[in-house]
Every structure is written in structure tokens, then in C-alpha cells.
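First comes the structure, then the notes that go with it.
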Amino acid sequence: MIEMRLAEIAAVTGGRLHRASGEELVTAVEFDSRAVGPGGLFLALPGERVDGHDFAAAAVAAGAAGVLAGREVDAPAVIVPPAEQAAGTYLAEFDPAGAGAAVLAALARLARHVVDTLGDLTVVGVTGSSGKTSTKDLLAAVLGPLGPTVAPPGSFNNELGHPWTVLRADAATRHLVLELSARGAGHITALSAIAPPRIGVVLNVGRAHLGEFGSQEAVARAKGELVEALPAAARGGVAVLNADDPAVAAMAGRTTARVVTVGQAPEAAVRAEDVTLDGGRPRFRLVTPVGEAAVALQLVGAHHVGNALAAAAVGLELGATPAEVAAALSASRPVSRWRMEVTERRDGVTVVNDAYNANPESMRAALQALVAIGAGPPGGSGRRTWAVLGRMAELGEQAAAAHVEVAAAAAELGVDRLVAVDHTEYGSAAEHVGDVDAAVELLRAELRPGDVVLVKASRAVGLDRIAADLLHPR
Ligand code: ATP
Ligand code: MG
């Protein structure tokens, strides 16, 4: 982050100094009071269980330079005014007159100030229902060799994680990769205003957060806000759109930026040809307008082909050659925990832990990967596959049909054992167990060496405990 004095932070955010001289030097911004150290600015945010304002003094005792707060605290602080214009933005979800919205609005202003200060910076925004975090990791791998690159350390894609990531950029940064998520209309527009992207990537329009949006059309409208925020082609705007997803391809009509299509469709400008899977890991020929190169991903699942192509297209835009892109993609290892984390047990059982999140599209992608791992290398003998699945959250009224659809996909793909944990909507095609412990018991009793087990559900279901037991039995 660029260094700032507390007085400057007060000026930028429209806040006032409280118990502070203004000379305090800030070199980092943190929202977790345990992560704040010397030079840190602690963001006091009210949470569901605790209020960060109550940790202000502790953060300063741990060395923090000060606190960004929505009301008076027991420490040197910048007290920021209530948020304006919360309606229509993500801030409307908070108590708009409350301290949380005030601090987030101030954080957004601070992040925008940093972007304006750092002139020579290319901002790349990534959105979509699935694959944002995977793609930002691939992007960081591709862009890193071209120049200093800042990308979020994890799935930091909302009104807190996004500006927090922006603040990590400094004068040396050349590329700023940002993940943008939306729980409603206007969210991506608001995030794009914090750090205006020059290059925007839209991966897919699926059914994640369908409950909040109501319809897939509404999801598409919201994701497309990213391409609407891009500068025109003449000013360097580039929209990277997935040609394989009609709802994304249609976004070409919503942007004045230059469109670069990616996908396996023959008309895609940046294409994957001859896609094969080796133990679930995709290999393909990267075909671009400026040449070709062979890619062998270390990530598991055919869905990563689209993510890799999007990263490739951005790399090519920023000056990498197809060979450089292919090398970076092929060297990139999975970094995010619980997302298709593949572990081999000593007895030959393979555990695929994807317990971080689930929606119908990522379920299908994960089931395909499971079957691909089970099939082994071309010509190998098949292994027995298990899908241990829990509930997919946030699907609204389509929830029942979506679970039945996933169960049908498992059957159609030839998954050997479909186990539904504490969730009956998967229907009669699944074996049902009442809870995580029952699932663990079943697996302990019936897993055989060589089996492949996928564990996947929405995060709140807590299926990571099953994966943990499989790998480190108690
Ligand atoms: P979140 O909204 O939770 O931040 P995300 O968009 O960042 O999700 P990832 O974390 O990259 O997505 O992946 C989430 C899940 O979606 C994983 O199960 C992953 O295997 C699957 N997935 C990743 N990319 C795709 C894709 N292009 N299409 C379908 N599923 C995908
Ligand atoms: Mg993510």
C-alpha cells in the first residue's frame, strides 16, 4: 500500500480526526484486529456477533496507527460520516445510516484515491457465477512475469475484500487483478467505480445467488455491469467474454470496449482445441490470433479450460506471447483450499475436497472432474467413484429442481455411489445419511483402496469435516 498519514486519510474519506494528531503513518489496512500490526489502520466494522469498534483499543495496543471508525472509539481514529446514497448499492443491505456502511463507504473512497494516485496501473476485473477465484489465480500467474501484480490472496470479492485488495497496490504495481461478485443489481457497478477496470472478464452466468436475484436474466444483467463499466475500445477497454456461454456472449452488445471472445466454440478468438483430460487435468492447444502453444493444467476439472482461456486472453492483451501464457498456465498450481483440492491417500483412495461452495454449475463441473479422475489415464482401468453431496444454498424457489438435476447428472455421468448428507431434495437416486457423522461412518465402513471420493456442498453445510476425517482420521 502507499503510505498515508491519518490526516490525509481523514481528508480523503471526509472524516474527522479523533484523539489523533494526524501525523500517524499508515502502511497497511486490516479488518481483522488480530492481523493488525505496527502501521496498520484497523477498519472497525460491526459484524453479526461482534462489533469491530469494541476492538479499536486492542488494535492500537497491538501497534495499529489508528482506526477507521463509524462512531467514537477508545483510540486514535478517523471518524467517518454516514454513507451517502446507499440506496441501489450494496451498502443498502447494511443499516445504511449505520457505522458499517459508513466505514465501507470510506474504505471505497480511500481505495479510489489510491487508484487515482497510481496512474500507470492496469485494472483487470473478473466476474461470473463460478470460477472467479480460480481465474484470478491463473491471471496472477500469467501477469506476474510481465510486471508487479497485485491480486487478492483469497476470494476477496465484495464491498470489503475488493477495496481492501485495491489498497495493497503501490507505486510499483503494474497490474491489479480484482474479483467482483454481486448479490444484487448495482453491486458490480459500485465495485467498478472503486477501481475502474480497463479489462473486464465475464466467465459465466449460472445460478449462484439465484435466490437473491430471482431469475437468471437478472443475474446476467448484474454480471454485465462489468462490461458496461469498461472504457471504450478507443481508450483501451477490452471485454473478455466466454463464447461458450450464450448469456455471456450476448454481453458484447452492452459494451463499447473491444470484445475478445474465448472458449471452445470455433468462433472464439482465443480458443482451446483438442481438449483431453489426464487424471482430470485438462490439456489443450491454445489457439490465438498470434500463434499457438500447448497447455497442460495442474488444476482438476474441464471447467478450468474456460478459466485458463480467459487468463490467456488478458495475458495476450498485456503483451505476453502464447508460449509465455502457456508456460505460466501450465506451471500454476491450485492455491485455494477446499476448492477441488485433490489428495491421494496412502491406500490409493483419492479425496477431492470441494466443500467450499456449491451451485448447480459447479456441482456438474465437480462431478465431471470426479468421473474423469475415476477414469484415470486414457486406457486405464476405471476406479469406483463416490459423490458425497450436501445442500446447495441460496437457490430460492428453484432449489428442489436443481438438486434433482444434480442427482440426475451424477447418474448420467456414471458416478457409482451418490450419498446425500442431511438433504432429501436429491431424491431417491441418492443414498441418504442424516448428518456428517453418519457420512463419515459410511465411508469408513465401505471405502475401498482405489476409490475416488468427491465431497461438495455449500460452505455452511460443513462437509469439509468429512474430507478432514478421510485424510486425518481421528
Ligand atoms: P465465489 O463466488 O465463492 O467467490 P468463485 O466464482 O470465486 O466463487 P471458484 O472459487 O474459482 O469460484 O470456484 C468455485 C467452484 O466452482 C469450485 O467448485 C470450482 O471447482 C467450480 N468452478 C470453477 N470454475 C468454474 C467454471 N468456469 N464453471 C463451472 N464451475 C467452475
Ligand atoms: Mg471467489
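Figures for the structure shown
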{"read-out": "Index of the failed condition, ALA401 passing every other in (1) farther than 19 Å from ALA457 by Cβ; (2) without any contact (Cβ under 8 Å) to a residue 12 or more places away in the chain", "value": "(1)"}
{"read-out": "Of all residues in segment 369-394 being at pLDDT below 90 and closer than 21 Å to SER129 by Cα, the one that is nearest to ligand 2 (Cβ to nearest atom)", "value": "GLU394"}
{"read-out": "Verdict on ALA320 being in a helix (DSSP H, G or I), in contact with a helix residue (DSSP H, G or I) (Cβ under 9 Å, 6 or more places away or on another chain), farther than 20 Å from VAL202 by Cα and at pLDDT 95 or above", "value": "no"}
{"read-out": "Condition met for VAL29 (in contact (Cβ under 8 Å) with a residue 24 or more places away in the chain, in contact with a His (Cβ under 8 Å, 6 or more places away or on another chain) and surrounded by 14 or more Cβ atoms within 10 Å (Cβ to Cβ))", "value": "no"}
{"read-out": "Selection from segment 33-51 of residues that are in contact (Cβ under 8 Å) with a residue 40 or more places away in the chain, over 19 Å from ALA20 (Cα atoms) and either in contact with a strand residue (DSSP E or B) (Cβ under 7 Å, 6 or more places away or on another chain) or not in a strand (DSSP E or B) (or both)", "value": "LEU45"}
{"read-out": "Any helices (runs of 4 or more DSSP H) falling wholly within segment 53-166 and containing at least 2 residues that are within 16 Å of ligand 1 (Cβ to nearest atom)", "value": "132-143, 161-166"}
{"read-out": "Search result, residues across segment 251-281 that are of a type in the set (Val, Ile, Thr), outside any loop (DSSP other than H, G, I, E, B) and buried (at least 21 other Cβ atoms within 10 Å of the Cβ)", "value": "VAL260, THR261, VAL262, VAL270"}
{"read-out": "Subset of segment 219-238 [at negative phi and either of a type outside the set (A, V, I, L, M, F, W, C) or surrounded by fewer than 17 Cβ atoms within 10 Å (Cβ to Cβ) (or both)]", "value": "ARG221, LYS223, GLY224, GLU225, GLU228, PRO231, ALA232, ALA233, ALA234, ARG235, GLY237"}
{"read-out": "Single residue of segment 54-68 satisfying the filter (crowded, with 23+ Cβ neighbours inside 10 Å and in contact with a Gly (Cβ under 8 Å, 6 or more places away or on another chain)) that is nearest to LEU110 (Cα to Cα)", "value": "LEU68"}
{"read-out": "Positions within segment 141-169 being without any contact (Cβ under 8 Å) to a residue 60 or more places away in the chain and either touching a Gly at 6+ places or on another chain (Cβ under 6 Å) or within 14 Å of ligand 2 (Cβ to nearest atom) (or both), in sequence order", "value": "ALA151, PRO152, PRO153, PHE156, ASN157, GLY161, HIS162, THR165"}
{"read-out": "Residue list for segment 170-182, restricted to those being more than 13 Å from ligand 2 (Cβ to nearest atom) and in a loop (DSSP other than H, G, I, E, B)", "value": "ASP170, ALA171, ALA172, THR173, ARG174"}
{"read-out": "Set GLU72, GLU93: member being closer than 21 Å to ALA182 by Cα, surrounded by fewer than 17 Cβ atoms within 10 Å (Cβ to Cβ) and of a type in the set (Asp, Glu)", "value": "GLU93"}
{"read-out": "Residue check, ASP116 on the phi < 0 side of the Ramachandran plot, surrounded by fewer than 18 Cβ atoms within 10 Å (Cβ to Cβ) and without any contact (Cβ under 8 Å) to a residue 24 or more places away in the chain", "value": "yes"}
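The values are calculated or read from the model by the stated rules, or taken from the named source; none is laboratory data. Predicted model only: the values in this text are computed from it and were never measured. Every residue, glycine among them, receives a Cβ derived from its backbone with ideal geometry; neighbour counts consider all protein chains shown.
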